[in-house]
């Protein structure tokens, strides 16, 4: 058995796990999981499959850094063109913003909210 390289306290166990990226399902794969700290280790061949699936559904490479800017008395977040296109955002679209905890922000098209 192999000890967890992160915490070093427990032996890794093999489990079937759902893989996801940004809320999109990438499939079910066998992973080695630490029962103590919960760290998950994927097989390299499976990571390659996950990457191919992410590219296939169009989410590979969408994550980008941006800066918060000041516009008048408000703050603005620039959304890169590729990400905006993927999300269906366009100039003049009315959206609703609401926090999901302290470090995530949900953007929904205003007409899609109930």
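No value in this document is a laboratory result; all are computed from the given coordinates. Predicted, not measured: the structure shown is a model, and the values here were computed from it. With ideal geometry, Cβ positions are generated from the backbone for all residues, glycine too; neighbour counts draw on all protein chains shown.
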> So what is the relative contact order for the stretch 35-95, in percent, with contacts set as C-alpha pairs under 8 Å and at least six apart?
Replying inline: 19
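Could you sort 69-75, 8-14 so that the peptide with the highest average Cβ count within 10 Å comes first and the rest follow in order?
Numbers: 69-75: 7.4, 8-14: 12.9.
Order by mean packing, descending: 8-14, 69-75.
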> So how do 46, 103, 22 line up by other beta-carbon neighbours within 10 Å, fewest first?
Replying inline: 103, 22, 46
> In whole angstrom, how far apart do the alpha carbon centroids of the stretch 1-55 and the stretch 59-109 sit?
Replying inline: 30
> Once both axes come from the Cα atoms, what is the angle between helix 44-56 and the longest principal axis of the chain, in degrees from 0 to 90, rounded to 10?
Replying inline: 20
> With the contact rule set at Cα under 8 Å and sequence spacing of 6 or more, what percent relative contact order holds for the chain?
Replying inline: 12
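So what is the calculated 222 nm ellipticity per residue for the chain, using -39500 (n - 2.57) for each DSSP H run with n of 4 or more, over all residues, to the nearest 500 deg cm²/dmol? Show your work: numbers first, answer last.
On the way: 2 runs with 20 residues, N = 114.
So the helix-based figure for the chain works out to -5000 deg cm²/dmol.
Normalising by the residue count of the stretch 1-63, find the relative contact order in percent from Cα pairs under 8 Å and 6+ residues apart. Write down the numbers at each step before the final one.
Working: 81 pairs, mean separation 15.2, N = 63.
For the stretch 1-63, the relative contact order is 24 percent.
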> At residue 68 and residue 28, where each label point lies 7 Å from the Cα along Cα→Cβ, what is the point-to-point distance in nanometres?
Replying inline: 4.1
> With labels modelled as points extended 7 Å from the Cα through the Cβ direction, what inter-label distance (nm, one decimal) is found for residue 89 paired with residue 108?
Replying inline: 1.7
> Can you work out D for the stretch 1-63 in µm² s⁻¹ from Stokes-Einstein, where Rh is the Kirkwood radius over C-alpha pairs, the temperature is 25 °C and the viscosity is 0.890 mPa s?
Replying inline: 195
